[in-house]
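In what follows, a structure is listed as C-alpha cells, so that the remarks can point back to it.
The values are calculated or read from the model by the stated rules, or taken from the named source; none is laboratory data. Owing to the predicted nature of the structure, the values given are computational and were not obtained by experimental measurement. As a convention, Cβ positions derive from the backbone with ideal geometry for all residues, glycine included, and neighbour counts pool all protein chains shown.
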Amino acid sequence: MAAVTRDRHIAGAGTAADAWRGDTGLAGVAEVGVADLVPHGARLVVVAPHPDDEILACGGLLQLLGARTDTRPPLLVAVTDGEASHPGSAAWPRERLRAVRPRETLAALACLGSAAPNLRRLGIADGGVTAAETGLARQLAALFEPGDVVLTTWRHDGHPDHEATARACLAAAAQRGARTLEAPIWGWHWSAPADGAMPLAHARKLPLPAAVLARKRAAMACFQSQVLPDASRDAPPVVPAHALERVLLPFELYFYDPDRAF
C-alpha cells in the first residue's frame, strides 16, 4: 500500500460529509459482504487506539457479524483508556476519563447487541502509543492467532495513536499469519475526494442496512464524554456532529493489503 506523503493535519472542520457522499471515486469502490471480510471460522480481532474507535471503525460489521451463528466471538482490544481527550478540563480530568471511557465502550457495545464482549484493555498511555509501539506489537502478537482478521485504524489516519496502533497491528499480524483490515477515521477529515490520499484501489465497502446504521449512531451517543460540549472550559465536543456524519455513512470502508488476495 503506497505511503501518503501529504500533511495529515486534524484541524478545523475538515472535509464535509456531503463531499464524501458525492465522491465518484468512493462510489466506485466494490462492495463486499460480512463473509468476505471475516470468512467462516475466522475470528475478528478489533484493535482500537481509544474507546469509541471500535464503534467508528466497525460498529456495523460487529452487528452483522453478531447475527451469524457460525463464527467465533470477536476479540476487542483497547490499546488506551482515552484519558487524554480533555487536556486542562476541570469536568473531565484524566482520572475520571480513565474510568468513564471504558464504561462508555461497554454501553456502546451493549447498544449493538453485545452485552458480554470479549474485551482486553492494555492500559497504554493515551497519546503515548508511538513510544510504546514496539511493546504493543509484542502484546498483540501474543493475542493474535493464525487466520485471524485484525481490524484497526488506518496507518495514515492522521492521529499519532491511530497510526502507531496500525503499524503495531501490521507487524504482529505478519508475525502470526493474520490478515489485516484498516479503517479510516480521521482520514475522512484531512483527506478530500479526488486528492488520491485514500488507497481506494485497495478498498472495499461493507453496505450497512438502515437499522444497522441507526444502532451504530445510537452506540456513538453512549460516548457522552466525546460527543457533548465541555462546559468547564467552554469547549466544543471532542467529536463534533460534523465529524460523526463523516463516519456515519451508509457503509464502512476498509483498506486491505494488496499483497494478499481478497
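Looking at (1) more than 23 Å from Val238 (Cβ to Cβ); (2) assigned to a helix (DSSP H, G or I); (3) without any contact (Cβ under 8 Å) to a residue 12 or more places away in the chain, which is the only condition Ala141 fails?
That leaves (3) as the condition not met.
Residues of region 122-133 being out of contact with any Ser or Thr (no Cβ under 9 Å at 6 or more places or on another chain) and either buried (at least 17 other Cβ atoms within 10 Å of the Cβ) or touching a residue at least 24 places away in the same chain (Cβ under 8 Å) (or both), which ones?
Taking region 122-133 first, the residues out of contact with any Ser or Thr (no Cβ under 9 Å at 6 or more places or on another chain) are 130-132.
Passing the criteria: Thr130, Ala132.
Could you list, in sequence order, all residues of region 106-121 that are surrounded by 20 or more Cβ atoms within 10 Å (Cβ to Cβ) and in contact with a Phe, Trp or Tyr (Cβ under 9 Å, 6 or more places away or on another chain)?
Hit for region 106-121 is Ala108, nothing else.
Do you know which residues across region 101-146 are at pLDDT 95 or above and on the phi > 0 side of the Ramachandran plot?
The answer is Gly123, Gly127.
Within region 50-66, track down each residue that is under 8 Å from the mean Cα position of the chain (by Cα) and not in a helix (DSSP H, G or I).
The first filter runs over region 50-66 and keeps only residues under 8 Å from the mean Cα position of the chain (by Cα), leaving 52-58.
Hit for region 50-66 is Asp52, nothing else.
Here's a check for you: in region 54-88, which residue that is among the acidic types (Asp, Glu) and crowded, with 18+ Cβ neighbours inside 10 Å is farthest from Pro102 (Cα to Cα)? Give the derivation first.
Applying the first criterion (among the acidic types (Asp, Glu)) to region 54-88 yields 54, 70, 81, 83.
Within this subset, residues satisfying the condition of being crowded, with 18+ Cβ neighbours inside 10 Å are 54, 81, 83.
On the way: Glu54: 12, Asp81: 6, Glu83: 10 Å.
In this case the residue turns out to be Glu54.
Residues that are closer than 24 Å to Ala67 by Cβ and at pLDDT below 95: does region 174-186 have at least one?
No, because not a single residue in region 174-186 is closer than 24 Å to Ala67 by Cβ and at pLDDT below 95.
Having 1 or more residues that are under 23 Å from Ala107 (Cβ atoms) is the bar; report the helices (runs of 4 or more DSSP H) wholly within region 163-262 that clear it. Before you say what the answer is, go through the steps one by one.
Working: elements: 187-190, 210-220, 224-227, 241-247.
Filter on region 163-262 gives 210-220, 224-227, 241-247.
Quick one: count up the residues across region 145-157 that are buried (at least 24 other Cβ atoms within 10 Å of the Cβ) and assigned to a loop (DSSP other than H, G, I, E, B). Walk me through it before giving the result.
Step one: of region 145-157, the residues buried (at least 24 other Cβ atoms within 10 Å of the Cβ) are 150-154, 156-157.
From what's left, assigned to a loop (DSSP other than H, G, I, E, B): 154, 156-157.
Residues flagged as buried (at least 24 other Cβ atoms within 10 Å of the Cβ) and assigned to a loop (DSSP other than H, G, I, E, B) within region 145-157 amount to 3.
What are the residue pairs meeting all of these: first residue in region 66-80, first residue modelled with pLDDT under 95, second residue crowded, with 23+ Cβ neighbours inside 10 Å and hydrophobic (A, V, I, L, M, F, W, C), Cβ atoms under 7 Å, and 6 or more apart or on different chains?
Note: pairs meeting the criteria are Thr71/Val38.
Identify, please: which residue in region 89-105 is in contact with a strand residue (DSSP E or B) (Cβ under 8 Å, 6 or more places away or on another chain) and farther than 13 Å from Ala48 by Cα and is, among those, surrounded by the fewest Cβ atoms within 10 Å (Cβ to Cβ)?
Residues of region 89-105 in contact with a strand residue (DSSP E or B) (Cβ under 8 Å, 6 or more places away or on another chain): 89, 91-92, 102, 105.
From the residues that got through so far, the ones that are farther than 13 Å from Ala48 by Cα too are 89, 91-92.
Values: Ser89: 17, Ala91: 13, Trp92: 22.
Per the criteria, the residue is Ala91.
Before we move on, is Leu213 aliphatic (A, V, I, L, M), in contact (Cβ under 8 Å) with a residue 40 or more places away in the chain, closer than 20 Å to Thr24 by Cβ and out of contact with any Phe, Trp or Tyr (no Cβ under 6 Å at 6 or more places or on another chain)?
no
Mind telling me which of the residues Ala211, Ala219 ends up being at pLDDT 95 or above, among the hydrophobic types (A, V, I, L, M, F, W, C) and surrounded by 14 or more Cβ atoms within 10 Å (Cβ to Cβ)?
Values: Ala211 fails: surrounded by 14 or more Cβ atoms within 10 Å (Cβ to Cβ).
Exactly one residue qualifies, and that residue is Ala219.
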